[in-house]
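The values are calculated or read from the model by the stated rules, or taken from the named source; none is laboratory data. Since we're looking at a predicted model, the values are computed, not measured. Glycine gets a Cβ as well: all are built from the backbone with ideal geometry, and neighbour counts include every protein chain shown.
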């Protein structure tokens, strides 16, 4: 066996542009699709005029809380902002306001097929202006300056580009489901990718320096950039050359990275508290807002439960972290959950002991359907039958029609859209196997 | 006319006119903060919130007055406009940073002057000009429209010849503002405990001029007839006065660096096509005056090399606020002199030690977000300070003390 090999480490810093109505600190419209006219959508606050104070838009904080709880993060009780100073001209105030010291989320986690993603922090911050450089001019477009961004920083937990791409897809889907991001706009999710390569020679580790690739918004670009950079790092390590700590950009046409600047030390940002924004008590906001628990409640309305059954269900749910319902981005798994709770359990087809076991499995994030099936099978033979019931439930077109009509009449716009979306995606997965014409289903939906 | 204190005359001989410091925004006027970087460049398109409130009550601003550059300093000097001299004795200074408005009020050219305070910038010139000077609690008045120097210390304040005017203005402009997130509701109910705290005489004696100290003792004796006087310990003096001065300088400088980061010459400046690149840089960059440059250099050094010192100062400040809050639980306020002497000559003002001593009795109030009023009493200047939110109580006590003195 070869004792010399390379070990790759990838950490991702993703900036998600929240689709709030207004900007983070002013009442300017937050246009997720950039306005065509330069400096059309600006005010004294977002241009950093002297004498003006920021006024926090709490809608952004609520969206941040939603995302943070969906990613299983710890949410602080008090939210404080900080000033991050730098010398680029893309901020009117020449500093960025961010939640550095009390991030909206910390220590979160997300289970993917190959890797468990751990989150270092989720910070709410303002976007910088767009800078347009030409040969003889330099224009600053403040239209997007001050738009709310969520900065999601993962630990260096990835090792392959496939893991990175799966993570970014899941994250985008999740944000779409939470309705906090305009997913139709490709620039609403931007990632900075930190990579480093370790060269291991006979158990001795040579640690390569970390480099950052800025502003990646296409998945194919990420894949190419990672392949290019890993090859470059490996070559440098083999030749015993130094890898410089720097920030790079990606040129898609050349298929190469290019040097942007040498990486600043963290202390250079000179963080100090932002005293213009009073600390926000977000503990009571979590209770009052549309949080994951309420989100689950909407799904549950599906079966129009009576009060008694509802209470029993809630008792059971109390043992479970509610975040799991948002956490599950795989639609078939959400569907599975709906089925378990709202149909089978309430029709007394499974007992409390079985349901508890399912909850435990979900809690451990072993959400693989087959795995659950296997574990349950060991416990109770009848479980197979139970699983079968779920999977065949919607095969009958009449039932589907009835079910969809029920959703259409009984639910308001938002809930309806969400539920129909789930159903369409669910059918897209299971129907081909059942030899049912998918277009026929779509006709009913429309 | 001597223009060492007026920068722009807006309306002459207006009966309800008030003077405005050069860092409070007035619509379409050049608000230059006595800095070359904003002079004839910054014309805000809005009035400060406090100005709006005064306009609604038929008061009109009649002049924009000089101050220290970006309100940084205690002597009333800016590299752009020079020093403001005392109206009574031209060998003396008016003090700062709100120098111009105090001179205007002293000369009866305005019924009151609206300025700003970060570490006593209203009380110091008010004291040197023998005026009543009031600094409300942090958050009592909206800071919208006040060009910030240190966001956690800045507040709007005002000076007048009569305490009645001070109270009238307080009733108008002490209001919450939804555009200022640090704005707080100030209770208008007055609760008097008839107990006042003072520092030990031996502690004050070291720092006060003999004449000032003697007069201060007389006032204290007079006060004890109507109020229960409690003397604070030597440790209290060290914590509140001595340690606070250092912490104030660190915190205010660091925040100033952050607030002034935007005045780097990239925005708010126009390049001249005839200039070469180096000329352009020389014209637009690095044109702060000496006082500001010193502080910015100090702040950068502290943050980059000794961030622990800054963190310690923040921690000390929190503890100080809690400590004074407990001290003032059963007392109305702290009574102490405003300045170590009654007048300061121009020559003296150039000595570093004088500068450091100027705000030693006043800056701690800004650190604890408290309110304070300077009163001319018995021909010296004394101040009464209270904790955050006690504005109307402090004004009431000050008013009582003044009326008793007048009667006697």
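Here are some notes:
- Long-range neighbours under 7 Å by Cβ, at least six apart or interchain, first residue within 14 Å of chain A (Cβ to nearest Cβ) within the range B:166-178, second in a helix (DSSP H, G or I): B:177/B:49
- Among the residues of the range B:18-29, some residue qualifies, meaning at least one is away from chain A (no Cβ under 14 Å), touching a residue at least 12 places away in the same chain (Cβ under 8 Å) and under 18 Å from the mean Cα position of the chain (by Cα).
- Checking each residue in the range A:236-256 for being more than 19 Å from residue A:6 (Cβ to Cβ) and without any contact (Cβ under 8 Å) to a residue 24 or more places away in the chain picks out A:251, A:253, A:254.
- Of all residues making up the range B:342-373, the number that are over 23 Å from residue B:231 (Cβ atoms) and surrounded by 24 or more Cβ atoms within 10 Å (Cβ to Cβ): 4
- Qualifying positions in the range A:26-41 - at pLDDT 90 or above and touching a helix residue (DSSP H, G or I) at 6+ places or on another chain (Cβ under 9 Å): A:28
- Breaking point among (1) part of a helix (DSSP H, G or I); (2) at pLDDT below 90, for residue A:179: (1)
- Total residues in the range A:69-112, condition over 16 Å from the mean Cα position of the chain (by Cα) and more than 27 Å from residue A:42 (Cα to Cα): 5
- All positions within the range B:277-296 that are loosely packed, with under 14 Cβ neighbours inside 10 Å and part of a helix (DSSP H, G or I): B:277, B:278, B:279, B:281, B:282, B:290
- Residue A:81 fulfils the conditions (1) more than 14 Å from chain B (Cβ to nearest Cβ); (2) buried (at least 22 other Cβ atoms within 10 Å of the Cβ); (3) in contact (Cβ under 8 Å) with a residue 60 or more places away in the chain except for a single criterion, (1).
- Where a residue in the range B:251-265 is more than 7 Å from chain A (Cβ to nearest Cβ) and its partner, wherever it lies, is in a helix (DSSP H, G or I), with Cβ under 6 Å and at least six apart: B:251/B:313; B:253/B:295; B:253/B:298; B:253/B:299; B:256/B:295; B:257/B:296; B:257/B:299; B:265/B:284
- Close Cβ contacts (under 6 Å, 6 or more residues apart or on different chains) running from residues in the range B:224-237 that are part of a loop (DSSP other than H, G, I, E, B) to residues that are surrounded by fewer than 18 Cβ atoms within 10 Å (Cβ to Cβ) comprise B:227/B:194.
- Residue match in the range A:43-57 (condition: more than 14 Å from every other protein chain (Cβ to nearest Cβ) and either in contact with a helix residue (DSSP H, G or I) (Cβ under 7 Å, 6 or more places away or on another chain) or assigned to a loop (DSSP other than H, G, I, E, B) (or both)): no
- Restricting A:67, A:104, A:124, A:112 to residues that are within 18 Å of residue A:175 (Cα to Cα), crowded, with 21+ Cβ neighbours inside 10 Å and either at pLDDT below 85 or within 13 Å of another protein chain (Cβ to nearest Cβ) (or both) narrows the list to A:67.
- Residue identified as within 14 Å of chain A (Cβ to nearest Cβ) and either outside any helix (DSSP H, G or I) or in contact with a helix residue (DSSP H, G or I) (Cβ under 9 Å, 6 or more places away or on another chain) (or both) among B:299, B:311: B:299
- Test: residue in the range B:320-341 that is over 30 Å from residue B:400 (Cβ atoms), touching a helix residue (DSSP H, G or I) at 6+ places or on another chain (Cβ under 9 Å) and surrounded by 14 or more Cβ atoms within 10 Å (Cβ to Cβ): no
- Residue check for residue B:42: assigned to a loop (DSSP other than H, G, I, E, B) and surrounded by 20 or more Cβ atoms within 10 Å (Cβ to Cβ): yes
- One residue from A:229, A:209 being away from chain B (no Cβ under 14 Å) and assigned to a helix (DSSP H, G or I): A:229
- Flag for residue B:240 being more than 14 Å from chain A (Cβ to nearest Cβ), touching a residue at least 40 places away in the same chain (Cβ under 8 Å) and within 20 Å of the chain's Cα centre (by Cα): yes
- Here B:120, B:113, B:157 are screened, and the one residue that is crowded, with 24+ Cβ neighbours inside 10 Å, at pLDDT below 95 and in contact with a strand residue (DSSP E or B) (Cβ under 9 Å, 6 or more places away or on another chain) is B:120.
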